[in-house]
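A short worksheet on the structure shown next.
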Amino acid sequence: MERPAPSDTIPSGALPGELAELTREDVARSLDRSRVQRARGRRSRWYLLWLLVGPGILAMLGENDGPSMISYTATGAIDGIGFFLPFIVVTFLMAIVCQEMCMRIGAVTHRGFGQLVRERYGSSWAWLAAGDLLFTNLVTLIGEFVAIRVGLAYFHLGAGVAALLGVILVVFALSGGRYWRWERIVLGLATFNGLFLVCAILVRPSLAHLGHAFVTFSPLPRGSFNELLLLLASTIGATVTPWMVFFQQSASADKGLTPRDLRQGRLDTIVGGVFAAFFGCGALVAGAALFGHGGTSVNGFAGAGFPLALGHRAGGTVGTLFALGMVEAGAVAILTISASTGYAVGECLGGGTSFNLSPRDAAPFYSINVLVAAVAAAVILLPGVPLLSIALNANVLATVLLPFTLVFVLMLANDRQLMGRWVNGLRTNVLALGIVLVVSVCGAAYGIDSFLLQIHVLGGGA
């Protein structure tokens with residue numbers, strides 16, 4: 001560990017012996033851990049869970065982001081309730097497997113993903129993973145600002161307000177000076193992801209159709225084989241993404257989770273996955289209210305797109321709640337994705353990467369958090385940029401680039417020198433390898449099929 005700067009060190013007379021050089025980060029984390037210890041001592045199970053949850057729920061609900069909810073809603077509007085309703089649940093089960101490994105690695109090693117890759121495999125691989133993430137995150141963040149813009153357009157507010165709101169949120173959340181405060185701010189915002197489920201209830205879907213879809217995975221979506229591959233890739237990319245890996249592992253370390261907290265960490269991840277699956281299905285079911293009623297012609301910005309269309313179809317309350325949900329989805333994802341970018345770059349540089357550090361002591365971490373959000377905000381103000389296309393294709397990009405990140409997660413989770421007795425078991429490895437295979441095949445198949453169509457080897461109806 002690097003020797004802390006004098007300004008970040010407790011005076012030598014304050015504590016005896018080796019504890020004289022605890023940093024502010026150490027002190028902040030020790031305060032959080034002392035509350036955990038007191039809760040364990042009093043056997044306050046629910047209070048203990050409250051103290052330890054956070055990274056898993058935020059990773060999952062953060063992935064119910066603007067592009068994802070636009071994608072789910074568009075799928076429902078175009079194809080109705082069918083194959084993709086249960087498929088969303090399957091993809092979140094995949095996410096739980098991947099994110100549990102990330103949480104476990106962070107809790108056992110107390111290191112973020114980027115730092116571990118750098119220490120175990122070298123800085124070149126770490127920077128390659130971070131560069132992959134930086135590009136994907138920037139594209140995705142543009143999609144988040146698009147979601148906020150679509151939501152605010154319903155209330156007749158322009159792109160400038162959307163851009164300013166997103167950047168202000170990032171700066172405000174960073175100003176707390178503690179990981180705990182940042183996490184609770186974002187968790188509070190994330191609860192409003194449930195608005196999509198409320199919208200689904202208010203459009204009064206057929207329970208028979210819902211049950212049939214979950215039991216039979218049908219009807220299959222209409223259209224060409226390439227369109228089916230696009231929907232598969234975008235739905236997977238709406239659920240499992242590289243930024244989630246960086247975020248949950250680094251946030252688990254920043255929160256100070258230990259191997260003793262693994263049970264609560266797993267529950268945190270599972271609960272987050274369950275809520276996110278329900279809310280994601282809610283967006284698809286709400287969108288299905290437009291199926292057969294002009295859903296295929298909804299434009300992302302014409303009259304505020306989906307919120308206005310839903311308002312006409314199911315009532316003003318649904319339109320308003322859906323618009324607010326779009327703002328929430330974009331806002332929470334901006335905060336979590338910016339944080340994952342800050343963690344990744346800071347860990348590759350070897351500097352401080354914690355919300356418990358001051359901006360002076362973790363300058364790259366804080367700077368990248370704000371910079372990527374500001375760049376994405378600036379893009380949505382440029383005339384002529386195909387913003388809706390970026391939002392809808394951000395998930396496909398995540399699917400294509402995800403296998404590279406998941407392979408490193410698997411290698412770290414099976415590194416006995418790092419993980420000790422907490423290495424992956426056989427069942428986890430089988431599930432994880434299956435997920436890597438499915439994601440790789442879907443991404444590669446869509447890319448190959450699109451290329452063959454582009455060079456006219458396959459016909460448009462292939």
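We did not get these values from a lab; they are worked out from the coordinates using the rules stated. Remember, predicted model here, so these are calculated numbers, not experimental data.
State, in angstrom, two size descriptors of the stretch 406-455 derived from its alpha carbons: Rg to one decimal place and Dmax to the nearest whole number.
Answer for the stretch 406-455, Rg first and Dmax second: 15.6, 52 Å.
Taking 0.36 nm per intervening residue step and subtracting the Cα-Cα distance, what contour gain separates residue 227 from residue 132 on full extension? Please list the in-between numbers first.
Values: separation 95, 0.36 × 95 = 34.20 nm, distance 2.55 nm.
Contour length minus Cα-Cα distance gives 31.6 nm.
Could you tell me whether the chain comes out rounded, prolate or oblate from its Cα gyration tensor? Rule is a ≥ b ≥ c as square roots of the eigenvalues, rounded for a/c under 1.5, then prolate if a/b exceeds b/c, otherwise oblate. Write down the numbers at each step before the final one.
Numbers: a/c = 1.72, a/b = 1.56, b/c = 1.10.
It comes out prolate by the Cα gyration axes.
Rounding to the nearest 10 and keeping the result within 0 to 90°, find how far the Cα-based axis of helix 262-288 lies from the longest principal axis of the chain.
So the inclination is approximately 20 degrees.
If the viscosity is 0.692 mPa s and the temperature 37 °C, what translational diffusion coefficient in µm²/s does Stokes-Einstein give for the stretch 91-140 when Rh comes from Kirkwood over Cα pairs?
In µm²/s, the coefficient rounds to 272.
Using only the alpha-carbon atoms of the stretch 307-462 as identical scatterers, what base-10 log of I(q)/I(0) does the Debye formula give at q = 0.14, 0.18, 0.20 Å⁻¹?
Summing over Cα pairs of the stretch 307-462 leads to -1.11, -1.22, -1.23.
Let me check I have the definition right: for the stretch 53-192, take the eigenvalues of the Cα gyration tensor, multiply each by 5, take square roots. What are those semi-axes in whole Å, largest first?
So the three semi-axes of the stretch 53-192 are 28, 22, 16 Å.
Does the stretch 337-427 classify as rounded, prolate or oblate by the C-alpha gyration tensor (a ≥ b ≥ c root eigenvalues; a/c under 1.5 gives rounded; else a/b over b/c gives prolate, otherwise oblate)? Mind showing how you got there, number by number?
On the way: a/c = 4.00, a/b = 1.36, b/c = 2.93.
Oblate, since a/c reaches 1.5 and b/c is not below a/b.
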